[in-house]
There are 2 protein chains.
Amino acid sequence: MTSSRSPDPSPGGTRWLDAEEQKAWRAYLFGSQLLLDRLDRELTSATGISHAYYEILVQLSETPGRALRMSELADRCLSSRSRLSHAVSRLEERGWVRRQVCPEDGRGQLAVLTDEGFAALEAAAHVHVESVRTHLFDQLSPEQVASIRDVGETLLRHLDPR
Amino acid sequence: MTSSRSPDPSPGGTRWLDAEEQKAWRAYLFGSQLLLDRLDRELTSATGISHAYYEILVQLSETPGRALRMSELADRCLSSRSRLSHAVSRLEERGWVRRQVCPEDGRGQLAVLTDEGFAALEAAAHVHVESVRTHLFDQLSPEQVASIRDVGETLLRHLDPR
DNA sequence: AGAGCGTAGTTGAAGGCTTGACTATTCCGC
DNA sequence: GCGGAATAGTCAAGCCTTCAACTACGCTCT
């Protein structure tokens, strides 16, 4: 019910979506859900690493020293502190990440990527990148690629103005 | 690690993303995650209905008779059968949906939207549509709206060719 | 009619995520 | 330095999702 009623003229009333807006919204919503779902499934079934965990490993691997404060890591992964804390515990059990007290701030913890973690990431990256190419870039024209970037950046500025 | 190495020339090797592709992919990924997250939070905190439940109610409300077979409903909501079955049970507890044996096929069940369910949906729709407008349509130009529809439909054709 | 197979849907256990409370540490103004 | 506010991170309870049985029904071939 992003509804089929006519636009509400009264100020303060809900600004309903017209038929074209609804089609755009539905296509965007279902398209991205389906894509994200598919990528997550392919990665998980091939490597045992969910996309959320993959993202954590990626962020660590791209940082000099392969270490980040827990909250910095949470921010970069669009994750809550609590969720990240749980996830790092599980990655620790697998031997891919190690916790370490932060030298500069005794309150803080560093999550450090281990060599095993880096190796696991490297293996997973092949699978994941291939999926992204198959299901996204192979489907889109250069103009479409430019526009998803443009829209993505627009939404980021609005929703996550660092 | 959608990585910074150079494109792999060997056939059969992973077709890595170049820098531009990575930026597009990251922007798309983070932008849609942030948007979907935000919409879900606003809807849930204002109405107690998660976006997943909202989708179920919408699909039922848009069907003549406000009733659908469980598997048809699952497909339309991009949900697994099991997940939908659990969700419908919870919606039943709230009195918003009712199960009914399917007349034509004794194996089947119909999920039927109750009047209370329809009323709850109507209330939630105001909140949700306002969020979608604020965080999506108010941010995008008409060209950008056209392109999210175009990309969405392209991905749908590839990932969900009914 | 009945055996066998496929389809529809449910269930329960296991594990992940969210919320909110809690501990520990640091920062800041006096 | 010292007391209070702020920050970092963890933990427990409850809900949601997934996976793998499992039940029930219908269809077809004999």
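The values are calculated or read from the model by the stated rules, or taken from the named source; none is laboratory data. Because the structure is predicted, anything quoted here is derived from the model rather than measured. Virtual Cβ from ideal backbone geometry, glycine too; neighbours counted across all protein chains shown. Heads up: the accessible areas ignore ligands, DNA and RNA and are worked out on the full protein's heavy atoms, side chains in. Shrake-Rupley method; radii C 1.70, N 1.55, O 1.52, S 1.80 Å.
Among residues of the range B:87-121 being in contact with a Phe, Trp or Tyr (Cβ under 7 Å, 6 or more places away or on another chain) and more than 14 Å from chain A (Cβ to nearest Cβ), the one that is nearest to DNA strand C (Cβ to nearest atom) is B:A87. When A:L29, A:L60, A:L34, A:L17 are screened for being in contact with an Asp or Glu (Cβ under 7 Å, 6 or more places away or on another chain) and away from DNA strand C (no atom under 16 Å from the Cβ), only A:L34 passes. Within the range B:146-162, being basic (K, R) and not in a helix (DSSP H, G or I) holds for one residue alone: B:R162. Look at (1) open to solvent by less than 30 Å² (accessible area, probe 1.4 Å); (2) not in a helix (DSSP H, G or I) and you find that B:A120 fails only one, number (2).
Entry remark, the range B:18-52: residues being part of a helix (DSSP H, G or I), under 18 Å from B:L78 (Cβ atoms), within 16 Å of DNA strand D (Cβ to nearest atom) and open to solvent by less than 50 Å² (accessible area, probe 1.4 Å) number 5 in total. Against the condition in contact with a helix residue (DSSP H, G or I) (Cβ under 8 Å, 6 or more places away or on another chain), within 14 Å of chain A (Cβ to nearest Cβ) and within 30 Å of A:L159 (Cβ to Cβ), how does B:R133 come out, does it pass? So B:R133 fails the test. Here A:S61 clears all of (1) within 12 Å of DNA strand D (Cβ to nearest atom); (2) within 13 Å of chain B (Cβ to nearest Cβ); (3) within 30 Å of A:G106 (Cβ to Cβ) except the condition numbered (1).
Would you point out the residue of the range B:107-117, among those that are away from DNA strand D (no atom under 16 Å from the Cβ) and not in a helix (DSSP H, G or I), that is farthest from B:V88 (Cα to Cα)?
B:T114
On the given criteria, is A:S10 closer than 23 Å to B:L136 by Cβ, at pLDDT below 95, away from chain B (no Cβ under 12 Å) and open to solvent by 50 Å² or more (accessible area, probe 1.4 Å)? Yes; evaluated as a whole, the condition is true for this residue. Pairing residues of the range A:15-39 that are closer than 16 Å to B:H128 by Cα and at the interface with another protein chain (Cβ under 7 Å from one of its Cβ atoms) with residues that are charged (D, E, K, R) and open to solvent by less than 10 Å² (accessible area, probe 1.4 Å), at Cβ distances under 7 Å and at least 6 apart in sequence or on separate chains, gives no pairs at all. In the range B:58-73, what count of residues is obtained for those that are farther than 14 Å from B:R99 by Cα and open to solvent by less than 10 Å² (accessible area, probe 1.4 Å)? Within the range B:58-73, residues that are farther than 14 Å from B:R99 by Cα and open to solvent by less than 10 Å² (accessible area, probe 1.4 Å) number 1.
Exactly one residue out of B:E92, B:E104, B:E143, B:E55 is surrounded by 14 or more Cβ atoms within 10 Å (Cβ to Cβ), outside any strand (DSSP E or B) and free of Cβ contacts under 8 Å to residues at least 12 places away in the same chain, and it is B:E92.
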